[in-house]
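A short write-up of the structure that comes next.
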Amino acid sequence: MSQGARPALQSRSRATRDKLLKALECLLRERSFAEVTVADIAREAGLAVGTVYRRFENKDAFIPVLFEIYKQRLDAFMGSAGGVVVEPEGGLKTVLRQLTEQSWTFLTSERGVAREAHLYARLRPDLVGEEWDALLAASQDSYGTLIDAFSDEIKRPRQEAAEMLSYHFNTALTERALYPEDGVGSQMTVSDLDFVRAIADFAYGYLVTEAD
């Protein structure tokens, strides 16, 4: 084999892998990962089933890759600095609404990958590792930045406020964005826009109210 053949083979292998991941992501727009089979992925990619197994040992082997894709896109959304960018002159309530609307847009646009990343971080932590905990810690740090920027308005202790905001947005907002047809959210008649603003306003009311 010539020295130039190996890079060409590696390039084709990466291209095949990328094609399989693109096919899986396309399928996840309509179905959950649990409902997708290896044969489905191969068919969507226009490849033989054996080709899938040459790149991925089994279907579960896609899970850490999906999580990494989600993490990369989340990092890009959060910005190169890895934190929430705020403009204090907008006022706390306005900024909370802006951040909530941006988060909603990200979650709904990445629903297929984000849903499986959230779900399998809990169901199969052995395949995700410690990265999920790192993402949660980064979330708290980001809200800490927000709290510091509006410390003159916020009446709650910094650590408590950061933890509560992280929990609030990573449960209520995430549940409706990723699982719109399940749970309590499926029974709500309020529009998505009003829901998103209400989530921000709930957070604002908590932050500016002194604890008893």
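The values are calculated or read from the model by the stated rules, or taken from the named source; none is laboratory data. Nothing here was measured: the structure is a model prediction, and the numbers come from that model. Neighbour counts run over all protein chains shown; Cβ positions are idealised from the backbone, glycine included.
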inquiry  = Return the pair list, or none, for Cβ contacts closer than 9 Å from residues in region 132-152 that are assigned by TED's automatic domain parsing to the domain that holds residue 64 and under 19 Å from residue 93 (Cβ atoms) to residues that are acidic (Asp, Glu) and not in a helix (DSSP H, G or I), at least 6 apart or on different chains.
reply    = 149/87
note = Of the candidates 56, 77, the one satisfying the condition of being in contact with a Phe, Trp or Tyr (Cβ under 7 Å, 6 or more places away or on another chain) and surrounded by fewer than 18 Cβ atoms within 10 Å (Cβ to Cβ) is 77
remark   = Residue count, region 98-118, condition under 24 Å from residue 202 (Cα atoms), in contact with an Asp or Glu (Cβ under 9 Å, 6 or more places away or on another chain) and either of a type in the set (A, V, I, L, M, F, W, C) or without any contact (Cβ under 8 Å) to a residue 24 or more places away in the chain (or both), comes to 2
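So for region 120-130 (the condition being within 30 Å of residue 206 (Cα to Cα) and either assigned by TED's automatic domain parsing to the domain that holds residue 203 or exposed (fewer than 14 other Cβ atoms within 10 Å of the Cβ) (or both)), does at least one residue qualify?
Yes, because at least one residue in region 120-130 is within 30 Å of residue 206 (Cα to Cα) and either assigned by TED's automatic domain parsing to the domain that holds residue 203 or exposed (fewer than 14 other Cβ atoms within 10 Å of the Cβ) (or both).
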request  = Being under 16 Å from residue 73 (Cα atoms), touching a helix residue (DSSP H, G or I) at 6+ places or on another chain (Cβ under 8 Å) and of a type outside the set (Ser, Thr, Tyr) is the filter here, so list the residues in region 129-155 that pass it.
outcome  = 131, 132, 135, 136, 138
request  = Scan region 162-177 and report the pairs whose first residue is closer than 17 Å to residue 101 by Cβ and whose second residue is of a type in the set (Asp, Glu) and modelled with pLDDT of 90 or more, with Cβ atoms within less than 9 Å and a gap of 6+ or a chain change.
outcome  = 176/192; 177/192
inquiry  = Under 6 Å between Cβ atoms, which residue pairs at least 6 apart in sequence (or on different chains) link something in region 181-206 that is assigned by TED's automatic domain parsing to the domain that holds residue 105 and within 20 Å of residue 147 (Cα to Cα) with a partner that is part of a helix (DSSP H, G or I) and among the small types (Gly, Ala, Ser)?
reply    = 199/172
query = Can you list the helices (runs of 4 or more DSSP H) found entirely within region 150-212 that contain at least 2 residues being under 26 Å from residue 112 (Cβ atoms), among the aromatic types (Phe, Trp, Tyr) and modelled with pLDDT of 95 or more?
reply = none
